[in-house]
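Here the structure comes first, spelled out in structure tokens, and everything after it is commentary.
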Amino acid sequence: MSEIDVESAYRQRYERSLKALAIRLEAHLCDLFDEVNHIDRISARAKDPRRFAEKAGKAENGRPKYMHPFEEIQDQVGARITVLYESDVPVVEEVLVRYFHPVENLQRAPEDSASFGQTKLSQRTYLNSSRSRSRRPFNMPGRKRIMTSRTSRMPI
């Protein structure tokens with residue numbers, strides 16, 4: 001499938017379901033974190049069709065990196081939860097683990113401890129997890145999709 005064909009096929013998915021899914025996910029996360037202190041911002045997005053096509057067309061060692069990009073590219077929908085203090089990161093992580101099934105956790109610290117930067121916790125999770133016990137369950141029919149949520153903080 002050419003990059004143009006991939007972009008066209010993904011654009012249909014993007015318009016038909018992913019944009020709406022991102023809106024629902026953001027509302028769901030806002031509901032889950034409604035009573036959690038020090039949340040600066042919650043946002044969700046569907047991956048832009050052009051960016052998806054670019055990523056799908058990447059190669060490694062002269063071979064396509066993704067043989068099945070619609071199944072292998074996991075950040076088709078992503079969310080970001082921003083907190084101001086490092087001590088709030090574990091609180092956010094605890095809520096995410098309670099309501100979603102984590103698949104992978106990555107943590108990145110600022111490159112230079114003397115610089116003004118952010119610490120990022122990236123967590124990949126299934127969206128329609130059986131763990132969801134919120135007031136507004138997040139149900140998504142069909143295949144499970146994976147989201148990436150990032151929790152960041154500004155140093156004090």
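The values are calculated or read from the model by the stated rules, or taken from the named source; none is laboratory data. Small disclaimer: the values here were computed from a predicted structure and weren't measured. Counting neighbours? That spans all protein chains shown, and the Cβs are built from the backbone with ideal geometry, glycine included.
Total residues in the stretch 20-64 satisfying the condition of being among the basic types (K, R) and in contact (Cβ under 8 Å) with a residue 12 or more places away in the chain: the figure is 6. Of the residues examined, R45 is one that is over 15 Å from V95 (Cβ atoms) and in a strand (DSSP E or B). Which residue out of S2, S43 is surrounded by fewer than 17 Cβ atoms within 10 Å (Cβ to Cβ), among the hydroxyl-bearing types (S, T, Y) and more than 29 Å from Y99 (Cβ to Cβ)? Residue meeting the stated conditions: S2. Tell me, yes or no, whether the stretch 74-90 has at least one residue that is modelled with pLDDT of 90 or more, out of contact with any Asp or Glu (no Cβ under 7 Å at 6 or more places or on another chain) and closer than 14 Å to S2 by Cα. Checked the stretch 74-90: no residue is modelled with pLDDT of 90 or more, out of contact with any Asp or Glu (no Cβ under 7 Å at 6 or more places or on another chain) and closer than 14 Å to S2 by Cα. Exactly one residue out of Y85, Y99, Y66 is under 26 Å from L121 (Cα atoms) and touching a Ser or Thr at 6+ places or on another chain (Cβ under 8 Å): that is Y99.
Which condition breaks for F52 when tested against (1) closer than 24 Å to A9 by Cβ; (2) more than 20 Å from the chain's Cα centre (by Cα); (3) of a type outside the set (V, I, T)? Answer for F52: the failing condition is (2). Within the stretch 61-103, the residues that satisfy the criterion of being under 24 Å from R24 (Cα atoms) and part of a loop (DSSP other than H, G, I, E, B) are I73, Q74, D75, Q76, F100.
For the stretch 26-40, the tally of residues that are buried (at least 17 other Cβ atoms within 10 Å of the Cβ) and of a type in the set (V, I, T) stands at 1.
Count of the stretch 48-60 residues, restricted to those that are surrounded by fewer than 20 Cβ atoms within 10 Å (Cβ to Cβ) and either in contact with a strand residue (DSSP E or B) (Cβ under 9 Å, 6 or more places away or on another chain) or in a loop (DSSP other than H, G, I, E, B) (or both), is 3.
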